Amino acid sequence: MRKLLFVILAIAGMTEMFLRASGAPVDPQVPKADRYAGDRVFLERASRLYARQGEDFQILVGDVEFRKADMFMYCDSAHFYTDNSLKAYGSIRMEQGDTLFVFADSLYYNDSLELATLYSWEGKMVELINRDVKLETEEFFYDLGIDLGYYRSGGILTDTTNRLISQEGEYSPTTKEANFYIDVRLNSRDKSGDTLQILTDTLLYNTATHVAELTCFSEIVNSDGVLLTTEGRYNTESGFGELFSRSKAVMNRGTTLIGDTLIYDRELGYGEAFGNMELEDTAKKSILTGDYGFYDQLRDSAFVTGRALAMEYSSGDTLYLHGDTIRAFKVFLDEIQINDSTFVVADTTNHIVAYPRVRFYRTDMQGLCDSMTFVSLDSTLYLNHHPIVWSENRQIVGNEIYVHFNDSTVDSATLPNQALVAEEIEEGFYNQLKGREMIAYFDNGVMRHLDVIGNVQAVSFPMENDSTYNKVVTMESSTLSADFHNNALERMKIWPNVKSVVTPLYLAKSSIFRLPEFKWYEILRPTDPDDVFNVSQMMIDYLNQKEDESIRGKEPEKRTTKIEIPRGRKIEIRPVEIGSGSQAVDSIMPPVLIDDNVASDDTLPEAIDKADAETL
């Protein structure tokens, strides 16, 4: 094409020489007409004009100027045809007002199509400049009828914010809209070191708003991560995006947010997901799903509701947890001074809170409660307000249950405020143990030791050597301590004032088979991961009931001592009970560690607000 242009220029030069030889040049005559008529091209100026009888064009040489409405074109020489088309050569410059300029080396204008085709010499580029926008390409097409420029052999568009490269592209100086196709790459021109790159095959871009619209698979890459979408809008200046059609945000921290619709604000550091939301944290090995989710990247916090589900898979056995609302957030802890020379450095801890109507399932443990908090600092799961936990054929009920984990396996379970443990041995027959406070210790998930303090009551059906049951044992005391091996009782100590009755089954009345407070809640037990969503009216009624005052019984006389207990990152002086005639309670069980920001069923909203305030 470029060689052809050189030939055309050479012919034009020979034509000029021929015309000079054949006669004197004609002074150009500028017709008097409305220069704003958009359907005509006017010759405004030329130093010399040559014409030959029988030819359908004129040759213009030197300081040539054409006009079409508000568009002016300047060149060194031109062929001006009778059909209002023209060919121009050398120092091509198109101008419209003081904002739009096009520079090229040659031009062909087809008046019937109102289309100008501009070319550049080898090593140069056709340039369109519209205020702060610059478009560069080797071959440029400008449709003056609709004020649209486009290219088909590769081009670059730059503005104050971005640089865009593609094989094909369109740009309208009037609307500031640009369309790019095939191997599109947008790069930020931010000189602060911040990065932004969009990779796609189709991109609609506005040079005034710097908003990119995406209609096919696209990657939006910045220093924080990658956004993947097939449909959406992204403001390259503010970092705000609205992404549709199941889009994904992959953060560098290992967090992935997916939703039918994503709202992403890079400056504020948050993402919202609407419809089938999924948030995965590979570092923490957890997944949150729901109908709606919110993720704060700057504060490393998340919120999900609407069929909310949390999945934790660090132990290889996934825990499925459902609540009406699930929140995960970071709490910042200040440095504290223990004494003149000992300090605890500032730190952070992660909390997961689910509420209300919580249900969870793992193959080795299932349960429910009204609110739940997991604190990573002490690796403890706090179940509040009528919690029930099942494991194999056992059921644990209390006003509160605290489960401590070590490397994702249960290390201990504490019931600080009334506890009742039951074990089904046969249909309708249950071993039962009740106390004011209960702590169980585990090795590799198997219970090895149990302590029960205060108002101990028990109903048990001991197995005979021939694996039959023929008696029932009822017992009352103040304190119980037991060791287990392979889930079987190895030794047990009960003190001080023990009251025990053994009754043969054939003489026993059914009224002594169960403690007054005992109920078997198997019908409420989650049976599989999907069953955590089955919040029945029976479960709601159970959670709404008031705590049964009768379960507490008569408080025994207490003797106390004082010990220092770390609460989160603080030290508390706590009185602990010493059982009559027994060793101190603190010598047989650790105190419960409760961080100040752990939410209970009564203070949950306030605790969440407090945690949010601390993260600010």
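The values are calculated or read from the model by the stated rules, or taken from the named source; none is laboratory data. All values reported here derive from a predicted model rather than from experimental measurement. Here the Cβ positions follow ideal geometry from the backbone for every residue, glycine too, while neighbour counts run over all protein chains shown. Quick note on the areas: whole protein, heavy atoms, side chains included, nothing else; ligands and nucleic acids left out. Shrake-Rupley method; radii C 1.70, N 1.55, O 1.52, S 1.80 Å.
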Condition set without any contact (Cβ under 8 Å) to a residue 24 or more places away in the chain and not charged (D, E, K, R), scope segment 244-255, selection surrounded by the most Cβ atoms within 10 Å (Cβ to Cβ): answer is 247
Residue 178 meets each of (1) part of a loop (DSSP other than H, G, I, E, B); (2) buried (at least 17 other Cβ atoms within 10 Å of the Cβ) with one exception, condition (1)
Exercise. Are any of the residues in segment 473-487 free of Cβ contacts under 8 Å to residues at least 24 places away in the same chain, within 57 Å of the chain's Cα centre (by Cα) and in a strand (DSSP E or B)?
Worked result: yes
Looking across segment 524-547 at residues that are under 21 Å from residue 432 (Cβ atoms) and at pLDDT 95 or above, the single one that is surrounded by the fewest Cβ atoms within 10 Å (Cβ to Cβ) is 525
When restricted to 64, 41, the only residue over 11 Å from residue 109 (Cβ atoms) and open to solvent by less than 30 Å² (accessible area, probe 1.4 Å) is 64
Considering segment 507-518, residues that are surrounded by 13 or more Cβ atoms within 10 Å (Cβ to Cβ) and not hydrophobic (A, V, I, L, M, F, W, C), and then whichever is farthest from residue 469 (Cα to Cα), we arrive at 517
When (1) over 21 Å from residue 153 (Cβ atoms); (2) at pLDDT 95 or above are applied to residue 185, the one that fails is (1)
Exercise. Would you check if residue 114 is open to solvent by 20 Å² or more (accessible area, probe 1.4 Å), in contact with a Gly (Cβ under 8 Å, 6 or more places away or on another chain) and within 30 Å of residue 180 (Cβ to Cβ)?
Key: yes
Residue pairs within 7 Å by beta carbon, gap of at least six or interchain, first lying in segment 316-334 and farther than 16 Å from residue 367 by Cα and among the hydroxyl-bearing types (Ser, Thr, Tyr), second in a loop (DSSP other than H, G, I, E, B) and modelled with pLDDT of 95 or more, listed first then second, are 325/308
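Within segment 450-472, how many residues are more than 18 Å from residue 438 (Cα to Cα), assigned to a strand (DSSP E or B) and open to solvent by 40 Å² or more (accessible area, probe 1.4 Å)?
Result for segment 450-472: 3.
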Segment 358-419: strands (runs of 3 or more DSSP E) wholly inside it with 3 or more residues that are under 20 Å from residue 528 (Cα atoms) are 358-362, 365-369, 388-391, 394-398
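Could you tell me whether any residue of segment 286-299 is touching a Pro at 6+ places or on another chain (Cβ under 8 Å) and buried (at least 20 other Cβ atoms within 10 Å of the Cβ)?
In the first step, residues of segment 286-299 are kept if they are touching a Pro at 6+ places or on another chain (Cβ under 8 Å); the result is none.
The answer is no; no qualifying residue exists.
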Of the residues in segment 117-161 that are among the aliphatic types (A, V, I, L, M), open to solvent by 20 Å² or more (accessible area, probe 1.4 Å) and modelled with pLDDT of 95 or more, the one that is nearest to residue 202 (Cα to Cα) is 156
Within segment 92-109, the residues that are more than 13 Å from residue 127 (Cβ to Cβ) and open to solvent by 70 Å² or more (accessible area, probe 1.4 Å) are 98, 108
Going by the conditions given, is residue 238 among the hydroxyl-bearing types (Ser, Thr, Tyr) and either in contact (Cβ under 8 Å) with a residue 40 or more places away in the chain or crowded, with 19+ Cβ neighbours inside 10 Å (or both)?
no
Considering residues that are closer than 17 Å to residue 107 by Cβ and in a loop (DSSP other than H, G, I, E, B), the number found within segment 134-168 is 6
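For (1) among the aromatic types (Phe, Trp, Tyr); (2) over 22 Å from residue 533 (Cα atoms), each residue gets a yes or a no:
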position: 266; (1), (2): no, yes
position: 284; (1), (2): no, yes
position: 309; (1), (2): no, no
position: 313; (1), (2): yes, no
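Quick grid of which residues meet (1) touching a residue at least 40 places away in the same chain (Cβ under 8 Å); (2) more than 19 Å from the chain's Cα centre (by Cα); (3) not in a strand (DSSP E or B):
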| site | (1), (2), (3) |
| --- | --- |
| 174 | no, yes, yes |
| 190 | no, yes, yes |
| 194 | no, yes, yes |
| 205 | yes, yes, no |
| 209 | no, yes, yes |
| 219 | no, no, no |
| 258 | no, no, no |
| 267 | no, no, yes |
| 276 | no, no, no |
Screening 111, 147, 76, 159 for residues that are in contact with a Ser or Thr (Cβ under 6 Å, 6 or more places away or on another chain) and closer than 30 Å to residue 191 by Cα leaves only 159
Among residues of segment 67-119 being among the aromatic types (Phe, Trp, Tyr) and in contact (Cβ under 8 Å) with a residue 40 or more places away in the chain, the residue nearest to residue 150 (Cα to Cα) is 119
